[in-house]
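Trainee: First the structure, which I've put down as structure tokens, then a few questions once you've had a look.
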Amino acid sequence: MALFDLPLEELRGYRSASVEPEDFDAFWSKTLQEARAHALDARFEPVDTGLSTVAVYDVTFAGFGGHPVKGWLTLPATATEPLPLVVEFVGYGGGRGLPHEHLLWASTGRAHFVMDTRGQGSGWGGGGGTADPVGGGPSYPGFMTRGIDAPEDYYYRRVFTDAVRAVEAARSHPLTDAARTVALGVSQGGGITLAVGGLVPDLLAVAPDVPFLCDFPRATTLTDRHPYREVGLYLKTHRGRTEDVLRTLSYFDGTHFAARGRAPALFSTALEDQTCPPSSVFAAFNAWAHEDKAIEVYDFNDHEGGGSFHEAAQMRWLRARC
């Protein structure tokens, strides 16, 4: 696929037309307050993985509604003092997978926590084990229109709340340094990272890679590729509901979380990416509030973005900060 979005020089100045709800902050403050009424109850169970260079813990903590959410915590096997912490969120349809799928960040001497995404984990990778008690057990996508009738019921309200609680759970382990916490993820994981970056005020850095869940008004009309297409297919049947749907989605738009970003950020985008169009990514990047921000642009890539090249860029970028 050749270039299909705005020229790069226009992308660098592009701003989203998404309208921020007047009660955006109040909505999320109330949501997190309700979640924190439940004890975090983070439990770390050692796992015998057969890996000798890392120690792995099977983690369970209370997310949205007090629902149990799973994760893996991976530490260098020789760790004896608190380490810089990387909290990772995974792409659409995937789950936390198997422990040996997540060795990069522990190999850099950091603690690494990967969150299972409730209700997902059946689309690719090693699977997941976190049910969504509101919407059922792990299932095949899609998730984009679950509860879309109202912000209070929308699926990503639960996921974003889980993500904030995941940071809190990971920070509660004695071998993680809360003051040196980085959030990152690819695609959906990048979109969740943006939400966490807007809701957790004291992160050291964030690194959303080809992030999903940004600039819904443009993304849902520019690309016909899933997952954004799920919204169009819903509206194809539910005629006349566009305004209501966009109102719900505005509470979960990465551009609005970006406006509250208080940490240095490294974004990435790919100019041939039809899954997460570059204009939707630049909408969040351009809105990111912290002045220390950068974006890696991969000219001839689709949604795979920079792949391992971008992982190398992230390692270089984080080395200077953590």
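The values are calculated or read from the model by the stated rules, or taken from the named source; none is laboratory data. Small disclaimer: the values here were computed from a predicted structure and weren't measured. Every residue, glycine as well, gets a Cβ built from its backbone with ideal geometry; the counts of neighbours run over all protein chains shown. Calculation scope for accessible area: heavy atoms of the full protein, side chains included, ligands and nucleic acids excluded. Shrake-Rupley method; radii C 1.70, N 1.55, O 1.52, S 1.80 Å.
Trainee: Restricting the search to the range 303-321, which residues are part of a loop (DSSP other than H, G, I, E, B) and open to solvent by less than 40 Å² (accessible area, probe 1.4 Å)?
Mentor: Answer for the range 303-321, where residues must be part of a loop (DSSP other than H, G, I, E, B) and open to solvent by less than 40 Å² (accessible area, probe 1.4 Å): G305, G306.
Trainee: Test F285 against the stated conditions and say whether it is open to solvent by 40 Å² or more (accessible area, probe 1.4 Å) and aromatic (F, W, Y).
Mentor: When the stated conditions are applied, F285 does not pass them.
Trainee: Give L75, L85 a once-over and let me know the one that is in a strand (DSSP E or B) and crowded, with 24+ Cβ neighbours inside 10 Å.
Mentor: Just a single option satisfies the conditions, and that option is L85.
Trainee: Return the pairs, sorted by first residue and then second, in which the second residue is surrounded by 16 or more Cβ atoms within 10 Å (Cβ to Cβ) and of a type in the set (D, E, K, R), the first residue lies in the range 285-310 and is under 16 Å from G198 (Cβ atoms), the beta carbons are less than 8 Å apart, and the residues are 6+ apart or on different chains.
Mentor: What qualifies is F285/K293; A289/R260.
Trainee: Mind listing just one residue for me: the one in the range 96-116 that is in contact with a strand residue (DSSP E or B) (Cβ under 7 Å, 6 or more places away or on another chain) and part of a loop (DSSP other than H, G, I, E, B) and, of those, most open to solvent (accessible area, probe 1.4 Å)?
Mentor: Of everything passing the filter in the range 96-116, L103 is most open to solvent (accessible area, probe 1.4 Å).
Trainee: Can you tell me which residue is farthest from T161 (Cα to Cα) among those in the range 40-57 that are open to solvent by less than 40 Å² (accessible area, probe 1.4 Å) and assigned to a strand (DSSP E or B)?
Mentor: V54
Trainee: I'd like to verify a number: residues in the range 9-61 that are polar (S, T, N, Q) and closer than 30 Å to A283 by Cβ, how many?
Mentor: Within the range 9-61, residues that are polar (S, T, N, Q) and closer than 30 Å to A283 by Cβ number 5.
Trainee: Please work out which residue is most open to solvent (accessible area, probe 1.4 Å), limiting yourself to the range 246-263 and to residues that are assigned to a loop (DSSP other than H, G, I, E, B) and of a type outside the set (S, T, Y).
Mentor: By that ranking, first place goes to R262.
Trainee: I want to confirm something. Restricting to the range 125-158 and keeping residues that are assigned to a loop (DSSP other than H, G, I, E, B) and on the phi > 0 side of the Ramachandran plot, which single residue is modelled with the highest pLDDT?
Mentor: G147
Trainee: Looking at (1) within 30 Å of A179 (Cα to Cα); (2) touching a Leu at 6+ places or on another chain (Cβ under 6 Å), which is the one condition that is false for P277?
Mentor: Every listed condition holds for P277 apart from (1).
Trainee: Now for a different question. Tally the residues that are part of a loop (DSSP other than H, G, I, E, B), without any contact (Cβ under 8 Å) to a residue 12 or more places away in the chain and either closer than 20 Å to F300 by Cβ or within 19 Å of the chain's Cα centre (by Cα) (or both), restricting the search to the range 7-29.
Mentor: 1
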